[in-house]
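Okay, structure first, notes after.
Laboratory data are not the source of any read-out in this text; all were calculated from the coordinates shown. Keep in mind it's a predicted model, so treat the numbers as computed, not measured. Glycine also receives a Cβ, built like all others from the backbone with ideal geometry; neighbour counts cover every protein chain displayed.
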Amino acid sequence: MKLTEMIAAAPWREAVTYRETWPHEYVLLQKDGQRELLEAVCERFRNGEGVPAQFFVMDNVYLFVGDHKYWFMADSDTIKSVLDSEDDEQEVVLNRARLYRDRRDFIIQEGDTGRREDYPVDPPHTRDVP
């Protein structure tokens, strides 16, 4: 199955605790039975397809596929180790958020809530350019 098909078939759930501050969704390795999807995304990261960026003060790596960016809360080597162990006790979370298609996909600023209407600075593509 192609990555985009696995993504479409996954049971994404809303991250309710971040609904008002940074809306995103997630899927779980064990609870949702998404080993194949997480392995495919992890492999993309390990092949260098991820884009390093910061989420406020935290360094992270994002994979851009379609209209979403995807990320783990650990580096790909750690995720691969968990996936390879097939430990039924360890849970892995794959997160995704819709793309804004502006610099917020790479630069998160103080005061940014994740809601388009609350973006603290006009993104470059909305500014008038002489």
Round to the nearest 0.05 the FRET efficiency obtained for Gln90 and Arg44 when R0 = 22 Å and r is the Cβ-Cβ distance.
-> 0.60
Sequence-distant residues sharing a close amide H with His68 (under 5 Å, placed H) = Leu99
Ordered by number, the trypsin sites (Lys or Arg not before Pro) in segment 44-89 that occupy a DSSP loop and have at most 14 other Cβ atoms within 10 Å are none
